[in-house]
Amino acid sequence: LTFIFAMGLELKEGTAEEWVRSARGSVAAALAGKAFPYFVCFAAIGMLMVTMLFRFSDTPVEGSLAAIFGALLLFILASMSVAVFMTALYANLRFALSSAAFYVAIAFTFSGLTFPLMSMPAAVRYIGEIIPLTHYLRIFIGQSLRGAPLASNWLSFVCLALFCLLPLLIMPRWRRIVSDRAFWGGI
């Protein structure tokens, strides 16, 4: 939601052209430049939380702490990639934020953390698979509580990496959005 707001504000305020011009005309560089400070902040907060969980509590790490940290960074990138996709899809700050809020609510509901995903109806399980949180939690629980072999989480790592490709799919739309004033100034 935070990153959608950051990108969507460029459209809402009509500064998208200046934003891309500051990246020498490269939409990808503009997005990467916008994403970098958010990624650093999210990563620092996430790593601090994981460190506090395992360092200052009696919670053991049965598997690989490095895998947990790696999955966390990949999860942040995947989530930010979904934000880039949603912002371009709607090209409207209000719609993108509303859709993302719905997506986040579904993520908490269908990720399998509070109720096992395998016990949910098939349709719900499929929805859970299109949410990065589901894959991150599989890795986190597998490595922290179960001490599962790292190889057992390979599919979740691949899924998180695939989410990171979403911006590539919508890059042509981003180019159109930042160059067409019709998309700017919306709420």
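Using Cα centres only, tell me the gap between the stretch 109-174 and the stretch 1-61 in whole Å.
Their Cα centres are 20 Å away from one another.
Before I look further, what does the stretch 100-187 give for accessible area per residue, probe 1.4 Å, in whole square angstrom?
On a per-residue basis, the stretch 100-187 sits at 58 Å².
Determine the equivalent ellipsoid of the stretch 25-100 by diagonalising the alpha-carbon gyration tensor, then write out the semi-axes as square roots of 5 times the eigenvalues, largest first, rounded to whole Å.
31, 14, 10
Give, as ranges by residue number, the residues of the stretch 131-174 whose backbone N falls under 20 Å from the point 7 Å along Cα→Cβ of Arg21.
Answer for this model: 174.
Would you please give the FRET efficiency between Phe95 and Ala28, computed as 1/(1 + (r/R0)^6) with r the Cβ-Cβ distance and R0 = 30 Å, to the nearest 0.05?
0.85
Helix by helix through the chain, keep the DSSP H runs that span 18 Å or more along the axis on Cα and average at least 1.0 on Kyte-Doolittle, and give those back in order.
TM-like helix candidates: 27-55, 65-90, 93-110.
Would you mind calculating the gained length between Glu129 and Val40 on full extension (0.36 nm times residue separation, minus the Cα-Cα distance), in nm to one decimal?
29.4 nm
Ordered by packing density, taken as the mean number of other Cβ atoms within 10 Å over each peptide's residues, highest first, how do 114-123, 86-95 rank?
Result, highest mean first: 86-95, 114-123.
Would you calculate the separation in nanometres between label points at Ile106 and Leu169, each defined as 7 Å from the Cα along the Cα-to-beta-carbon direction?
Label at Ile106, label at Leu169, 1.3 nm between them.
Calculate I(q)/I(0) for the chain by the Debye formula, one identical point scatterer on each C-alpha and no solvent, and give its log10 at q = 0.10, 0.14, 0.15, 0.19 Å⁻¹ to two decimals.
-0.45, -0.82, -0.91, -1.25
Mind jotting down the three principal axis lengths of the stretch 65-148 based on Cα atoms? Whole angstrom, largest first.
43, 32, 15
The values are calculated or read from the model by the stated rules, or taken from the named source; none is laboratory data. Note that this is a predicted model, so its numbers are computed, not measured. Quick reminder, even Gly has a Cβ in these numbers, built from the backbone with ideal geometry, and neighbours come from all protein chains shown. All accessible areas refer to the heavy atoms of the entire protein, side chains included, with ligands and DNA or RNA removed. Shrake-Rupley method; radii C 1.70, N 1.55, O 1.52, S 1.80 Å.
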